[in-house]
Structure formats: structure tokens, C-alpha cells
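What follows is one structure encoded as C-alpha cells, with my remarks underneath.
Values quoted throughout were computed directly from the atomic coordinates according to the rules given, and no laboratory measurement underlies them. As the structure is a prediction and not an experimental result, all values here were calculated from the model. Note that each Cβ is placed from the backbone with ideal geometry, even for glycine, and that neighbours are counted across all protein chains shown.
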Amino acid sequence: MRSLRKSSMYSRWPLHLMLLPGFIILFIYQYVPIVGVSLAFQNFVPSLGLLGSKWVGWDNFSYMMALPNLYRVVWNTIYISVLKVIAGLVFPILIAILLNEIRIQLVKRSIQTLIYLPHFLSWIILGGILIDVLSPSSGIVNAMLGWVGIEPVFFLGEAKIFPYVLVGTDLWKDFGFSTIVYLAAISSINPNLYEAAVVDGANRLRQIWHITLPGMTPVIILLATLSLGQILNAGFDQVFNLYNPSVYETGDIIDTLVYRMGIQQAKYSLATAVGLFKSVVSFLLISLSYFLAYRLANYRIF
């Protein structure tokens with residue numbers, strides 16, 4: 001048996017060799033940076049290096065908890081993330097059900113392609129587009145609002161509006177991907193159930209309520225529970241490309257706070273402490289989400 005395994009491994013060495021670049025990249029970008037976690041417990045001075053900087057224990061974490069804006073930033077992160085999760089569950093389900101009712105395949109596939117395209121664009125590109133589109137002076141959105149007598153709205157400069165702009169634009173970018181997942185779930189439903197429902201006199205709404213939605217329930221539960229692990233990830237790329245100091249009150253999140261502390265203000269130890277705090281909480285949430293996914297939807301990683 002052992003010789004058989006060895007021969008099998010040797011015969012498949014090209015496949016193992018193909019994995020080597022991926023492992024090297026994973027090691028460089030995911031495991032080597034773990035050494036930098038020690039900055040959270042030091043008064044790090046770049047000229048002294050990791051070994052020469054003074055160790056201060058939990059002082060950076062104590063200072064972090066005393067930051068006046070920390071709790072506001074954590075609240076902003078959770079609030080924006082929860083809104084994104086809710087919108088990212090409800091809206092794609094509705095669109096998937098509506099698309100499933102379209103009988104002309106050319107129209108159905110065309111709509112799928114159009115709503116899926118923004119998913120492939122980076123937030124650098126979309127950020128520039130949205131800044132132009134939502135501009136209070138020259139943006140097409142405010143121009144359309146002016147046609148019906150509404151004053152221009154500074155979507156990216158009003159603190160009260162900005163979180164909902166983030167949720168709306170994130171939904172526009174990514175709901176096409178989730179819609180395809182739900183369409184796949186609908187396609188796995190036994191068509192005989194619909195035929196039996198027609199025989200019993202059920203209309204389309206009854207069929208959706210009693211067959212389509214229950215058939216989608218395992219996928220809905222799975223995606224909902226897995227999304228718990230992303231509660232502290234409100235979308236750095238999106239926020240960084242759209243926010244400005246005037247919306248820090250409601251738009252500043254943990255990742256942007258870490259960026260400003262570490263890159264702009266050179267507070268490397270404090271930024272690492274905040275980032276480590278987020279990583280630990282995120283790990284706990286991800287563990288909880290996978291546990292719930294296993295219990296509620298029988299989801300397994302392997």
C-alpha cells in the first residue's frame with residue numbers, strides 16, 4: 001500500500017509542481033506577515049527594527065480602547081456591514097425569482113450579463129465613475145433630481161446619507177453574483193413539483209411561495225450564516241475610494257482607521273493593535289458562521 005502511494009505521488013508530480021507557485025505566494029503574503037503582529041506589543045521604531053524596539057506589552061491595546069473615536073468606528077463598521085448583508089440577501093433573491101419567471105432565454109441571459117458586469121470592475125474604476133455620476137454640480141443623478149424640482153444632494157459629502165450610498169453602490173456592484181447563485185439553487189428544484197402545483201390550481205405566486213422559496217431556503221441559510229464572518233469587513237476598497245473627511249462621522253470604518261494610523265500617521269504599533277483586534281474578532285465570527293452553517297445547512301468545508 002505504501003509503495004502504491006509513493007508511485008501515485010511520483011506519477012502526479014507535475015500536478016504537485018503546479019501547486020508550488022500558489023503555496024509560495026500564500027506563504028509570502030499570508031504567513032510571513034504574521035511576524036509583524038509583534039508590532040502590537042512594541043513601541044516600534046523603524047530604525048531599530050523588530051528586535052531592537054521596546055516591548056510595551058498591552059499598552060497599545062489600552063491606548064486603543066481609550067481612543068475617543070474607536071467605538072464610533074466599530075459601530076460604523078458593524079452598521080454598514082449589517083445593512084450590506086441584509087440588502088445582499090433580500091435583493092438578489094427577488095431578482096433571481098423574477099429572472100426565473102422570464103421565459104425568453106435571450107432576454108433572461110442578457111439581463112444576467114448586464115447585472116453581473118459590475119462585479120468584474122474594481123472600486124478604483126467604480127469610484128471614479130460614481131464621483132462623476134453623483135456630483136452635486138455635474139452628476140447625472142442630481143440633474144435628474146433637478147428635473148422634478150429637488151435640490152442637488154451631496155451624496156458623497158453628507159454624513160447622514162453616505163452609509164446608504166455605500167450600501168446601494170455595493171449592492172449594485174455585487175448583487176449579480178449572488179443572483180446567479182440563487183438561480184442555480186432554483187434550477188435544482190424538481191420541475192415535477194411545479195407541474196403538480198399547476199394541476200392543483202396554484203398560480204405563479206403560490207408556486208413561488210410554496211415551492212421556489214422553500215427550495216432556495218438551504219442556500220439562503222448557508223449564505224446568511226457565512227456572511228456573519230464578514231461583519232467587521234465593511235469594504236475597505238469601496239470606502240477608501242469614496243469617503244472624505246466630511247463623512248468620517250458615519251463612513252469611517254476599522255480598515256480605514258488602520259490605514260490612516262499606519263500609513264499616514266506612522267503609528268505602526270497602534271495600527272497593528274487595532275488590526276489585530278479586528279482579526280481576532282473576525283476569526284471568532286467566522287468560526288461561529290461555519291458552525292451555524294454546519295448546524296443549519298449541513299455545510300462542510302471538506
Taking the chain, the whole-percent share of alpha-carbon pairs separated by over 30 angstrom is 53
Cross-link pairs beyond the 30 Å C-alpha cut-off, checked among K160/K278; K173/K278; K108/K160: K108/K160
Sequence-distant lysines (8 or more away, or on other chains) whose Cα lies within less than 16 Å of K267: K54
Please list the non-local residues whose amide H lies under 5 Å from the amide H of Q42, H modeled 1.01 Å from N, same-chain partners needing a gap of 5 or more. V56
If you wrap a convex hull around the C-alpha atoms of region 101-255 and split its volume per residue, what is the figure in Å³? 164
Output ³J(HN,Hα) for region 69-86: one whole-Hz value per residue in order, computed from phi by the Karplus curve 6.51 cos²θ - 1.76 cosθ + 1.60 with θ = phi - 60°, and x for Gly and Pro. 9, 5, 5, 5, 5, 5, 5, 4, 4, 5, 4, 5, 5, 5, 4, 5, 5, 4
Length released on extending from K160 to L17, taking residue separation times 0.36 nm less the Cα-Cα span: 46.2 nm
Can you give me the distance in nm between label points at N203 and S62, each placed 7 Å from the Cα along the Cα-to-Cβ direction? 6.9
